[in-house]
Amino acid sequence: MAERRIRIDEITKIEGHANLTVEIEDEELKRVIFGVHEGSRYFEAFMKGKSYIYLHELAGRICGICTVAHELASVKAVENALGIQVPENAEKLRELMLISSHIQSHILHLYFLALPDYMNAESVISLTLTHKNLVKKAFRIKEATNYMTSLIGGRAVQPCTLKVGGFTKRISKECIERYRKKMKEIYPLLVETAELFLSLEYPPYERDNEYLALYNGKSIPLYDGKIKSTHVEFPAEKYMEHIKEYIVDYSTAKRSRIDGKDYMVGALSRLNLNPYLRDEARELAESYRISFPNNRVALINAAQAIENVHYALESLEIADSTKEYEPKKINVGRIDGEGIAAIEAPRGLLIHHYRIKKGRCTYANIITPTAMNTENIERNLQGYLSEIACESDDVIRVEAEKLIRAYDPCISCSVHVVRVK
């Protein structure tokens, strides 16, 4: 009886620390263990007792990549708890900030983490020797999107202008025009990026996953909408009736299922559930014989690249219709309440849930995209690696990491568990 145990102690080119164990017996896959060994973060604990006005600033420290998404989900949850109305132009400005940070995150993942897998390179540093212009393009787009985020948020990482009810600073029409101009400038680069990632040869593995994303029936929403899966649709306030969190003994990250099923969130889920790609993006994908819905798991990379084109065009329209913002004093009618908000972070659906009493947080629950994806990653690894179990250990390691990296996991965001013995 031939037994093999393949171990990857540290999965590289992802955010945070994760490992993988693959057990094969007589060329048949027996077990896959996708473990997270990141230290616990305790955000849900230390947010308790804090004033509602600071919760979004604390939430922004959960992640240095998708900090805008965490801040926006947090401030929206507080506004929902306290019944605070946000001006329409402030909502649009928040959406613009979310789009630029969304594209920035996708570019970071696509060029710096995923692309080396498909270019026979160890890392992006190796790529600078063979494909310098590609790396320069990535830096140019990333610099531009950071600039656009800072125009509205005050800085690119952990924006400092958000507040409950709107923004702390005046955002002029000139500022909005600078955002629009910069997005228009990098749009051709985003198209070129999409062409590159649509042309790559991805692992062929397919699975009929359960998908989950925001849905509004008219666009591919990032900032607002109901939660929709392949089989059910519900308002964010009802998430606890469908999404159940749980833990496994080999991971410090929570996992979750929807109505008993593992599920996928992220770019592929958004495009599979929302058939509203702009014509330019849809036609670009179809020119490479890729269409959505699509069950090919590694096409998450291509979906991210197509999203960049779609959301760049969306942002130009939003910017054209957005008026300047003048900060005003917010009248808080009550200081007790319960609020839930769901938005789309780059890696997928993000939920923030707070209870507030006398202006202070008494309960916090945060479900991040990677915590939602972890079970799905493991299930899809089982499916894919069972198809290639007769391959060498090295091939299995490479293919396993490709599939994991396609999800763009943010391990630090996912860690919530501590065990006391």
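Please treat every number below as a calculation from the coordinates, not as lab data. Quick caveat, the model's predicted, so the values are computed rather than measured. Cβ atoms come from the backbone with ideal geometry, glycine included; neighbour counts cover every protein chain shown.
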| So which of K50/K228; K76/K218; K218/K261 end up more than 29 Å apart, counting from Cα to Cα? | K50/K228
| request: Could you check which residue among V68, V164, V332 shows the biggest mean-square fluctuation in a GNM of the chain with a 10 Å Cα cutoff? | output: V332
| Top positive-direction residue, dipole computed over the stretch 43-134 with Cβ charges, set Y111, A73, N133 | A73
| note | In nanometres, the difference between 0.36 nm per residue of separation and the alpha-carbon distance of K169 and V398 is 77.6 nm
| remark: Ordered by number, the trypsin sites (Lys or Arg not before Pro) in the stretch 184-224 that occupy a DSSP loop and have at most 13 other Cβ atoms within 10 Å are K218
| task | In nm, give the distance between the simple-model label positions of K50 and D259, each being 7 Å from the Cα along the Cα-to-Cβ direction. | result | 3.5
| Residue-count net charge about E91 - beta-carbon cut-off 13 Å; Lys, Arg +1, Asp, Glu -1 | 0
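FRET efficiency for K323 and E206, Cβ-Cβ distance as r, R0 = 51 Å, nearest 0.05?
For K323 and E206, the calculated efficiency is 0.65.
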| remark: Ordered by number, the chymotrypsin sites (Phe, Trp or Tyr not before Pro) in the stretch 179-226 that occupy a DSSP loop and have at most 15 other Cβ atoms within 10 Å are none
| Using a simple spin-label model with points 7 Å from Cα along the Cα→Cβ vector, what separation in nm is obtained for R155 and E88? | 3.4
| message | For the chain, set up a GNM with springs between Cα atoms under 10 Å and report which of L96, L129, L55 has the largest fluctuation. | response | L129
| query | How far, in nm, would the chain grow between S199 and R7 when pulled straight, counting 0.36 nm per residue and subtracting the alpha carbon separation? | reply | 66.0 nm
| remark: Across M119, M97, M47, the residue with the highest GNM fluctuation in the chain (Cα network, 10 Å cutoff) is M119
| query | Okay, helix-only estimate at 222 nm for the chain: each DSSP H run of n ≥ 4 adds -39500 (n - 2.57), divide by all residues, round to 500 deg cm²/dmol; what do you get? | reply | -13500 deg cm²/dmol
| Under a Cβ-Cβ cut-off of 15 Å, what is the net charge of the residues other than G260 that fall near it, where Lys and Arg count +1 and Asp and Glu count -1? | -1
| task | With viscosity set to 1.002 mPa s and temperature to 20 °C, compute the Stokes-Einstein D of the chain, Rh being the Kirkwood radius across alpha carbon pairs; µm²/s, no decimals. | result | 98
| request: Count the DSSP beta bridges whose two residues both fall in the chain, then state the antiparallel fraction as a percent rounded to the nearest 5. | output: 95
| remark: Non-local residues with an amide H under 5 Å from the amide H of K163, with H modelled 1.01 Å from N and Pro and chain starts lacking one, are T168
| query | In straight Cα distance, which lysines are under 20 Å from K142, not counting same-chain residues fewer than 8 positions off? | reply | K13, K132, K181, K182, K184
| note | Given unit charges at Cβ for Lys, Arg (+) and Asp, Glu (-), the dipole magnitude of the chain about its Cα centre in debye, nearest 20, is 2140
